[in-house]
Structures are given as C-alpha cells and as structure tokens.
Amino acid sequence: MPSTPRSAYLHVPFCRHRCGYCNFSVVADRDDLIDRFLNAIEIEITQVLAQTPCQQLDTLFIGGGTPTHLNPDQLERLLKTLRQHLPLAENAEWSVEANPEDITSDKLHQLRDAGINRISLGVQSFDDQKLAVLQRSHSGPLAQQVIEATANVIPNVSIDLIFAAPNEDLQRWQSDLQTAVRLPIKHLSTYALTFEKGTQFWNQRQRGTLLPVDESAEIEMYDQSRQMLGEAGFDHYEISNFAQPDHQCRHNMAYWLGNPWYAFGPGAAAFIDHHRNVNHRSTFTYLKRIEQGRSPIDESESITAQQAAREAAAFGARLLQGIDLADIERATGWPIIQELQPTLDQLLEQALIQISNTSICLTERGIHFADTVASELLGETH
Ligand code: SF4
C-alpha cells in the first residue's frame, strides 16, 4: 500500500432540499454559504498539502451533497482550485457526482473542459411514483434524457439506483433495471433503501407511516439485479457495484484495497499516514473552524497495523474477485493469516467463503451475508 495518497475526495455539502432518507452531511437551501465554502476548501487543501505534499493523484472524486448544484461561476472556481492544488496523473480518473435536474449542455461542457472524465448520476429510479416516494426532484424521462446527453459529452457514465423503496415490488424494480441497461452507462451502483436514524424516513417508519419492504423481497430484488445486469454484460465486481469491462470505479477500488486518500470538506474522512481524520460533519462548524484558523478535524484515530490489516481484509472481501491475505500481510506487516485462521475456518464451515492458498472470496451464499463476513473479519463480533 503506497504511503502517499494517490486519491482524493472532496465533499460539497449543498443540496436543493434534503431527501427523506438522506443521512449525508448536507445543507439544504443554504446557497448563501457556497462562497464561504469555496474559500474554506482552498484553505483546507493548502493546509493539508503543507503537511502531506501531493505528488500526483490517480483518482479525484467530487461528491456530496450535490456538486452540480453550484452555479457555473462557483463550479468554475472549485474546479480551478482543485486543478491548481491537486496534480493529476496523465490517465487519472476524475469523477463528479451530479443530479439529473442540474445537468445542462453548458454544465456538461464546463465539466469536460475542466478535465472531468467520469460522471456519477444520482438517478435512483426511472419510475415517477418511486421518485416521488424518495422525494427526488427529477422525473424518470428527464433522467433518461440526461443520461443520453451526458454520455455524448462524457462517455464514462455511472448511475446510482435504489431498490426496496416503500411499496416497491419486483416488477417495478425489474422495469428500472430494464431501462438502465438500455441506456449508455458504463457503471451502476445499486443499494437497498436503508432507514438511518435521524432521517425523516426513520421517524416515519417509527410512527408506522412508512413501511419497508420485507427482507425476502429485498433479497429477490438484489438477485434480480445480479442476473439482469450480468446478462447485459456488467461485471458484478463489488457487492453493490457493477461495471462494463474496464470501467470499475478506480477511486472506490482505492478505498476497498486499503490505499490512503486525502479528503476535504464537511464530514469528509481521510486516511493519511496511518491516521483516519474525520472533519466535523456540520457545514456551519466546518466553516467557522476554518475561518477562525482552527482545524476542521473532529475525530482523529491512529490506525494500527492490525486494524489496517483487518480493514483491508473486510473491505477486500466485498470484492467479488476476493482478496489475497498475503498481499495484506506484506503491505501492513501484520500476520493477518495466522490471526484470522479460526475466523476463516468458521466462515468456511458456514459456506460463506472459499479459500485458495492465501486468497479468500465470497461464495454465492456469502454474497448475501457480506456484512456478516466483513464484521467477522473486522473482529467486531468477538
Ligand atoms: S440529493 Fe443526495 S445528497 Fe442531496 S439530500 Fe438527496 S440523497 Fe442527500
């Protein structure tokens, strides 16, 4: 594992409104804070790089929130700041998250001309009723048009889709998948809707006014994704991610393989020099701290070789290709194979993993219990 980060994440916390299921670090309808944020980001990047200079990045990911919620001038300033401070390798992957309702031809060209070569669209569904339940601002037809238009300018298009939304049945989910595979996308991430504490959906579920779909239906939908996307030529390479050949998300691969990364912005979590530093998740506190010349870091944890090895095993096991524990041992210096032996024996007995020499990978059954396998490898259950 390289010690100098070759990846960077930037969190842009602004959104038009807060969707009922969203638990990200987001501020809705506070565009008056954007200029202060742009000042703060430049200060934060400068300070972090003064401590850990950036050689060259292989991946840069602008996420949120909704980065494309910024107006053209604000977006230009942000992109300029990043280009100025974060040098990219020649074939680097530079991604941005975007919502369909923000995409215009001008914005697409602005992103492409700045060097962005991958776009991740928060589509979530093509079904207007489901989109209304999820409180999304776009319609299904608009999402389809935007995907077509985006692919003409930035061909490397990824989309996110949510399944197991309230009232969703298998047929509705199949229809979303059928639409997706007809469109010019290279990558698809799909997640079952979760009800996170603190969200509006969580409260509604507690009151009984919003009902989750039952677990067996959720599993059926997940299996349907695997089957239909596989038939359409997408490789299921990580529990929640599918890609056309050579279009895996390189940025996320860096996380899953345990490589270090910079992270900037409210709530962003960096992994640099054996430390995990998490910025304050409130945008207001983040801005105030930077404006007062203080650090935005809210939590800092030193990651031991043992933790690094266990985390690399747990995240790596979510990759369908599996992970070689000998590589982790070499990278961290921790005897993870010996330490995990009893756990591996148990997972093998439960038919959740396969082992070949020093490599482990999930079985068909294990794919459905990936979170359990990860917890066991992390040692959380002991
Ligand atoms: S658009 Fe995305 S980040 Fe913004 S509130 Fe909705 S789910 Fe959260």
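The values are calculated or read from the model by the stated rules, or taken from the named source; none is laboratory data. No experiment lies behind these values; they were computed from the predicted model shown. FYI the Cβ positions are ideal-geometry reconstructions off the backbone, even for glycines, and counts take in every protein chain you see.
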_So Glu231, is it surrounded by fewer than 20 Cβ atoms within 10 Å (Cβ to Cβ) and either over 15 Å from the mean Cα position of the chain (by Cα) or of a type in the set (Asp, Glu) (or both)_ = yes
*Do any strands (runs of 3 or more DSSP E) entirely within region 1-103 hold 1 or more residues that are modelled with pLDDT of 95 or more and of a type in the set (Asp, Glu), and if so, which?*
57-64, 88-98
*Which residues, taken from region 159-199, are polar (S, T, N, Q) and surrounded by fewer than 22 Cβ atoms within 10 Å (Cβ to Cβ)?*
Asn167, Gln171, Gln174, Ser175, Gln178, Thr179, Ser189, Thr194, Thr199
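Among the residues of region 89-110, is there at least one that is among the aliphatic types (A, V, I, L, M), closer than 30 Å to Gly333 by Cα, buried (at least 19 other Cβ atoms within 10 Å of the Cβ) and without any contact (Cβ under 8 Å) to a residue 60 or more places away in the chain? First the steps, then the outcome.
So the first thing to find is which residues in region 89-110 are among the aliphatic types (A, V, I, L, M), and the list is 89, 92, 96, 98, 103, 108.
Next, from what is left, pick out any that are closer than 30 Å to Gly333 by Cα: 89, 92.
When the remaining residues are screened for being buried (at least 19 other Cβ atoms within 10 Å of the Cβ), the result is 92.
Applying the additional criterion that residues be without any contact (Cβ under 8 Å) to a residue 60 or more places away in the chain yields 92.
Yes, because at least one residue in region 89-110 is among the aliphatic types (A, V, I, L, M), closer than 30 Å to Gly333 by Cα, buried (at least 19 other Cβ atoms within 10 Å of the Cβ) and without any contact (Cβ under 8 Å) to a residue 60 or more places away in the chain.
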*For Asn167, state whether it is more than 16 Å from the ligand (Cβ to nearest atom) and under 20 Å from the mean Cα position of the chain (by Cα).*
no
*Has region 232-252 got any residue that is free of Cβ contacts under 8 Å to residues at least 40 places away in the same chain, among the hydrophobic types (A, V, I, L, M, F, W, C) and part of a strand (DSSP E or B)?*
no
*Go through region 18-75 residue by residue and tally those that are more than 22 Å from the chain's Cα centre (by Cα), within 16 Å of the ligand (Cβ to nearest atom) and either of a type in the set (A, V, I, L, M, F, W, C) or closer than 25 Å to Ile159 by Cα (or both).*
3
*Restricting to region 136-150, what's the tally of residues that are within 14 Å of the ligand (Cβ to nearest atom) and either touching a helix residue (DSSP H, G or I) at 6+ places or on another chain (Cβ under 8 Å) or not assigned by TED's automatic domain parsing to the domain that holds Asp102 (or both)?*
3
*asked:* For Leu134, only one of the following conditions fails: (1) in contact with a Phe, Trp or Tyr (Cβ under 9 Å, 6 or more places away or on another chain); (2) surrounded by fewer than 17 Cβ atoms within 10 Å (Cβ to Cβ). What is its number?
replied: (2)
*Identify, by number, the condition in (1) surrounded by fewer than 18 Cβ atoms within 10 Å (Cβ to Cβ); (2) closer than 23 Å to Cys19 by Cα that Val213 doesn't meet.*
(1)
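Right, Ser120: within 16 Å of the ligand (Cβ to nearest atom), assigned by TED's automatic domain parsing to the domain that holds Asp160 and touching a residue at least 12 places away in the same chain (Cβ under 8 Å) or not?
Working: within 16 Å of the ligand (Cβ to nearest atom): yes; assigned by TED's automatic domain parsing to the domain that holds Asp160: yes; touching a residue at least 12 places away in the same chain (Cβ under 8 Å): yes.
In short, yes.
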